Amino acid sequence: MAGHAEGRQCLAKRLASTFPGKGERKGGVINTISKLTKTCTLRLTVCKLYFILSDKVANGGASMWCELCQGNFFDEFQMEGVAAEHNEIYLELVPENLSRALKTAHSAKAVKIKLTNKHCPCLRVAVELPSLSSSSRIVTHDIPVGVIPRRIWNDFREPTMPDFDVSIYLPVLKIMKSVVERMKNLSNFIVIEANLSGEMNLKIETDLVSVTTHFKDLGNPPWASEDGCQSSAQGRNLESMAEARIDIKKLQQLLAGQQVNPTKALCNIMQRVKRRLKERQWSGDLTFLCLLSLLPSD
């Protein structure tokens, strides 16, 4: 417990941030995360904030990595980590609690977030609301958090991009959500298949019914691995479909949780390693990445 004690001793001076007029933008991101998980890890660095869920995909769980540039959400941002060479803070929190606090910030003049140690470690969200008088109206929320010790920080590093078979841009998410919601009444599982010609199919197959929705001309993003070589998609037959069979409720939960409009949404399908990766990118504000397990075929 040394890491927790160390964190609590200097907690109050560690983090202070202000973002006048930007509470709604940040609230949309937090709302999306709160729909996907009950608890997550908040990693704070000088330049970026990260919301992390690190369940084991191989065991049927889902992993999430959400990366935000603090300059797009805060006008002022100050933080001090454990040490100069480890200038980071890792906290465990319930995103729904932070989401509820930020709902009061939609019409706020300014919002301040501060890490405090009032009886227990807390994120204090102070919302300054417009007032007809000269006195200010401030609503304060104290959100309990857990301080994650430095010895387990490596458990929350960014997931590597696996070598995939097909990468494709997704259709409009509202349309995809509508299709999936209708299909979930017919089956517990859905098959997503796509090729390098910009074609994607959503299908369910049972003993009684087979339903497929086709999407065309979606486009395929260019990708390169870290050593500069193309992924395994290079040289693949453009018409050949790669497919992933997943839990339809998890996909529906992911789509239903969207509270912001992404400029790009894409899906990478990996058949060989038994998992599928879905990545979403919002125009310079954040990168959202989610891993879902691939289920064996019947």
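Odds and ends about this structure:
- Of the strands (runs of 3 or more DSSP E) contained entirely in region 157-206, those carrying at least 3 residues that are under 22 Å from residue 65 (Cβ atoms) fall at 166-169.
- Test: residue in region 34-50 that is modelled with pLDDT of 80 or more, buried (at least 18 other Cβ atoms within 10 Å of the Cβ), touching a Lys or Arg at 6+ places or on another chain (Cβ under 6 Å) and over 19 Å from residue 126 (Cβ atoms): yes
- Number of the condition not met by residue 177 [criteria: (1) surrounded by 15 or more Cβ atoms within 10 Å (Cβ to Cβ); (2) at pLDDT 85 or above; (3) touching a strand residue (DSSP E or B) at 6+ places or on another chain (Cβ under 6 Å); (4) not small (Gly, Ala, Ser)]: (3)
- Meets criteria (open to solvent by 20 Å² or more (accessible area, probe 1.4 Å), within 23 Å of the chain's Cα centre (by Cα) and either modelled with pLDDT of 75 or more or in the same structural domain as residue 99 (by the TED database) (or both)) for residue 216: no
- Taking region 78-121 as the range and being on the phi > 0 side of the Ramachandran plot and basic (Lys, Arg) as the test, no residue passes.
- Residue in region 67-81 that is closer than 24 Å to residue 156 by Cβ, of a type in the set (S, T, N, Q), in contact with a helix residue (DSSP H, G or I) (Cβ under 9 Å, 6 or more places away or on another chain) and open to solvent by 40 Å² or more (accessible area, probe 1.4 Å) present: yes
- Test for residue 92: is it of a type in the set (Asp, Glu), closer than 30 Å to residue 270 by Cβ, within 23 Å of the chain's Cα centre (by Cα) and buried (at least 17 other Cβ atoms within 10 Å of the Cβ): no
- Residue among 233, 244, 256 that alone is aliphatic (A, V, I, L, M), out of contact with any Cys (no Cβ under 7 Å at 6 or more places or on another chain) and modelled with pLDDT of 75 or more: 244
- Selected residue (criterion: modelled with the highest pLDDT) from residues of region 51-66 that are out of contact with any Lys or Arg (no Cβ under 8 Å at 6 or more places or on another chain) and open to solvent by 40 Å² or more (accessible area, probe 1.4 Å): 54
- Pairs where the first residue, in region 113-134, is outside the structural domain of residue 96 (by the TED database) and the second is part of a strand (DSSP E or B), C-beta under 9 Å, 6+ apart: none
Residues checked against (1) open to solvent by less than 60 Å² (accessible area, probe 1.4 Å); (2) charged (D, E, K, R); (3) within 20 Å of residue 52 (Cα to Cα):
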residue: 85; (1), (2), (3): no, yes, no
residue: 102; (1), (2), (3): yes, no, yes
residue: 106; (1), (2), (3): no, no, no
residue: 111; (1), (2), (3): yes, no, no
residue: 121; (1), (2), (3): yes, no, yes
residue: 126; (1), (2), (3): yes, no, no
residue: 149; (1), (2), (3): yes, no, yes
residue: 163; (1), (2), (3): no, yes, no
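- Filter result (in contact with a Pro (Cβ under 8 Å, 6 or more places away or on another chain) and not small (Gly, Ala, Ser)) within region 95-114: 97, 109, 111
- Taking residues in region 184-207 that are assigned by the TED database to the domain that holds residue 254 and crowded, with 18+ Cβ neighbours inside 10 Å, and partners anywhere that are aromatic (Phe, Trp, Tyr) and assigned to a strand (DSSP E or B), the pairs with Cβ atoms closer than 6 Å and at least 6 places apart or on different chains are 200/215.
The values are calculated or read from the model by the stated rules, or taken from the named source; none is laboratory data. In this text the structure is predicted, and so the values were computed from the model without any measurement. Backbone-built Cβ (ideal geometry, glycine too); neighbour counts: all protein chains shown. Note: areas computed on protein heavy atoms with side chains; ligands, DNA, RNA excluded. Shrake-Rupley method; radii C 1.70, N 1.55, O 1.52, S 1.80 Å.
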